[in-house]
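Peer 1: The structure under discussion is supplied below as structure tokens; questions concerning it will follow.
The values are calculated or read from the model by the stated rules, or taken from the named source; none is laboratory data. Remember, it's a predicted structure, so these values are computed and weren't measured experimentally. In this analysis, Cβ positions are derived from the backbone assuming ideal geometry, glycine residues included, and neighbour counts consider all displayed protein chains.
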There are 2 protein chains.
Amino acid sequence: MGPIGVFDSGMGGLTVLRELHRRLPAEDLLYFGDTARVPYGTKGARTVREFALQDALFLRSRGVKMIVVACNTASAFAIDYLQEQLDVPVLGVIKPGVQAALEKTVGGNIGVIATRGTVSSNRYQELLIAEVGKDRVIAKECPLFVPLVEEGMTSGNVTDLVTADYLQSLKNNVDTLILGCTHYPLLKETIANFMGYDVKLVDSAEALAEAAASELGNKKESGNGEISFCLSDIPWKFREVGARFLGKPIDAVETVNLNELEREGILSIPRKEKA
Amino acid sequence: MGPIGVFDSGMGGLTVLRELHRRLPAEDLLYFGDTARVPYGTKGARTVREFALQDALFLRSRGVKMIVVACNTASAFAIDYLQEQLDVPVLGVIKPGVQAALEKTVGGNIGVIATRGTVSSNRYQELLIAEVGKDRVIAKECPLFVPLVEEGMTSGNVTDLVTADYLQSLKNNVDTLILGCTHYPLLKETIANFMGYDVKLVDSAEALAEAAASELGNKKESGNGEISFCLSDIPWKFREVGARFLGKPIDAVETVNLNELEREGILSIPRKEKA
């Protein structure tokens, strides 16, 4: 029972929400974007883990039956921790992305681009190297991609220059490239244009939606396909930016103050009972 | 008694700390950078006000005798609120910056560049317009400048392109330009190169240090010139980045968890008694 909860550091996870809604149209979805503390990708493991737990506990306090971590950095640093702490299934974005890349690759040469945090965690690299070997995996952090996307600069001179700089070492060396940050699908055209259109771009959102469906299994879909939005800060042009990520307009948004909920003890209740 | 407290959303305020130390070499200084929640410049007034109060209360819990808000966005949204809530003097960065610009300008045409938050608050514009009139003030937000500086990209093709794009409307229209964000002084060369070296660039740090000195008045300087650093997250290459802002190496840093302090009630004590 209850909706599926989805959280991200900000608006990027809406690309995941869109795929979930497409794949599971009858499920109710509750989205939380931690826009007050965005970004996570530039921050340390301990900080991201703490923030991710608060985000997940907020969703749990709203009665979600499953939690989807739509943020790559939070998945990289916190997925095991969240699975340990929460009493509902918690799905991350990394394993499905790796799975999808392994299915798509022809030559077995796979690249992954992500935030500094995600790359430094080594999660993508470990999973990929276990399958294709060390010399066939290239990881590269692309720290300016998030601000560029948030500014709506998904094409143009500046973005082309930054893209060429970041992806130079990957060009002609991989046949498949994982877009390891929920912001990056909005740069698909620019990236494809530089890498060549024969390089397969893997957007984990689709694979994650598939994983969520299989986790639900045969359980009948339980909702009316309603989507609700919660944000910890109302960002600049959030309707415009949100619609760009989600692929359709956003109506009502609820503002959530995590500090207040923390003070009221609402973020510390429904953790898993220790065995 | 006690050190002077200085806070910023992240590392940018170190440019202010440096000037304070230069102007008041015998004062002890305690710096807090809210690196876990940086940036503030893209976030809403309510969020920034709440974060700024926590930052100030943290410094107050460490016994500071004065608080310097080294962040322009926090100054823009929260300075009156902080002055109301705290029981020690609170100085912001905006009034000193405006004062310095008015002293430097020759023709009375003044520009200000800042974060989206600071520009949207209208604080700089209101103060400037009251002195030189509406048609002589141009404000422009430069959202990519902060990530560029944090990436160490203070020069080069990308930064030149972004600078030209942002500053086009200011070029040849102002004789004085306020760098209304503590990150921007690191772009001085690039900005001067585009604007022309005859345009006066105002970095508020110096003016703010002067204001702090005059607030202290004749009170004898009370410390040994010690500087302590607290951050809410240890960012990537923080020693390197920090040294760039501060102008000298940073030794020990203490990590501060504001959520924990909030839960322990440490951030709610020493507010000003109501009259």
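Peer 1: Under 7 Å between Cβ atoms, at least 6 apart or on separate chains: pull out the pairs that start in the range B:173-196 with a residue that is free of Cβ contacts under 8 Å to residues at least 12 places away in the same chain and at positive phi and end on any residue that is part of a helix (DSSP H, G or I) and crowded, with 20+ Cβ neighbours inside 10 Å.
Peer 2: If the second residue must be part of a helix (DSSP H, G or I) and crowded, with 20+ Cβ neighbours inside 10 Å, no pairs are left.
Peer 1: OK, next. Out of (1) within 29 Å of residue A:230 (Cβ to Cβ); (2) modelled with pLDDT of 95 or more; (3) within 14 Å of another protein chain (Cβ to nearest Cβ); (4) surrounded by fewer than 18 Cβ atoms within 10 Å (Cβ to Cβ), what's the single condition that is false for residue A:156?
Peer 2: (1)
Peer 1: Restrict the check to the range B:91-102 and report whether at least one residue is farther than 28 Å from residue B:246 by Cα, more than 14 Å from chain A (Cβ to nearest Cβ), aliphatic (A, V, I, L, M) and over 15 Å from the mean Cα position of the chain (by Cα).
Peer 2: No, the range B:91-102 contains no residue that is farther than 28 Å from residue B:246 by Cα, more than 14 Å from chain A (Cβ to nearest Cβ), aliphatic (A, V, I, L, M) and over 15 Å from the mean Cα position of the chain (by Cα).
Peer 1: Can you tell me which condition residue B:150 does not meet? The list is (1) touching a helix residue (DSSP H, G or I) at 6+ places or on another chain (Cβ under 6 Å); (2) within 10 Å of another protein chain (Cβ to nearest Cβ), and all the others hold.
Peer 2: All conditions are met except number (1).
Peer 1: Can you tell me which residues in the range B:33-47 are over 12 Å from the mean Cα position of the chain (by Cα) and more than 9 Å from every other protein chain (Cβ to nearest Cβ)?
Peer 2: Answer for the range B:33-47, where residues must be over 12 Å from the mean Cα position of the chain (by Cα) and more than 9 Å from every other protein chain (Cβ to nearest Cβ): B:34, B:45.
Peer 1: Right, something else. Based on what the data block shows, is residue B:203 under 30 Å from residue B:167 (Cα atoms) and modelled with pLDDT of 85 or more? Don't jump to the end; show me each part of the working.
Peer 2: Numbers: under 30 Å from residue B:167 (Cα atoms): yes; modelled with pLDDT of 85 or more: yes.
It is true that residue B:203 is under 30 Å from residue B:167 (Cα atoms) and modelled with pLDDT of 85 or more.
Peer 1: Something else now. Which one of B:19, B:50 is acidic (Asp, Glu), over 27 Å from residue B:218 (Cβ atoms) and in the same structural domain as residue B:240 (by TED's automatic domain parsing)? So that I can check it myself, show each step before the final result.
Peer 2: Details: B:19 fails: over 27 Å from residue B:218 (Cβ atoms).
The unique qualifying residue is B:50.
Peer 1: Quick one: residue B:175 ticks every box in (1) under 20 Å from the mean Cα position of the chain (by Cα); (2) away from every other protein chain (no Cβ under 14 Å) except a single one, so which number is it?
Peer 2: Failing condition for residue B:175: (1).
Peer 1: Filter the range B:219-229 for residues that are surrounded by 19 or more Cβ atoms within 10 Å (Cβ to Cβ) and not aliphatic (A, V, I, L, M) and give the result.
Peer 2: Hit for the range B:219-229 is B:229, nothing else.
Peer 1: Would you pick out the residues in the range A:240-265 that are part of a helix (DSSP H, G or I), surrounded by 13 or more Cβ atoms within 10 Å (Cβ to Cβ) and within 14 Å of chain B (Cβ to nearest Cβ)?
Peer 2: The answer is A:241, A:258, A:259, A:261, A:262, A:263.
Peer 1: Give the residue, chosen from B:201, B:246, that is free of Cβ contacts under 8 Å to residues at least 60 places away in the same chain and under 18 Å from the mean Cα position of the chain (by Cα).
Peer 2: B:201
Peer 1: Would you confirm, using the coordinates I've provided, whether residue B:196 is closer than 20 Å to residue B:10 by Cβ, at pLDDT 95 or above and away from chain A (no Cβ under 14 Å)?
Peer 2: Here the answer is no, as residue B:196 does not meet what is asked.
Peer 1: Please indicate, with yes or no, whether at least one residue in the range A:59-73 is touching a residue at least 40 places away in the same chain (Cβ under 8 Å), surrounded by 24 or more Cβ atoms within 10 Å (Cβ to Cβ), within 14 Å of chain B (Cβ to nearest Cβ) and closer than 23 Å to residue A:151 by Cβ.
Peer 2: yes
Peer 1: For the range A:103-118, does any single residue satisfy the condition of being more than 14 Å from every other protein chain (Cβ to nearest Cβ), within 24 Å of residue A:253 (Cα to Cα) and crowded, with 22+ Cβ neighbours inside 10 Å?
Peer 2: Looking through the range A:103-118, none of the residues is more than 14 Å from every other protein chain (Cβ to nearest Cβ), within 24 Å of residue A:253 (Cα to Cα) and crowded, with 22+ Cβ neighbours inside 10 Å.
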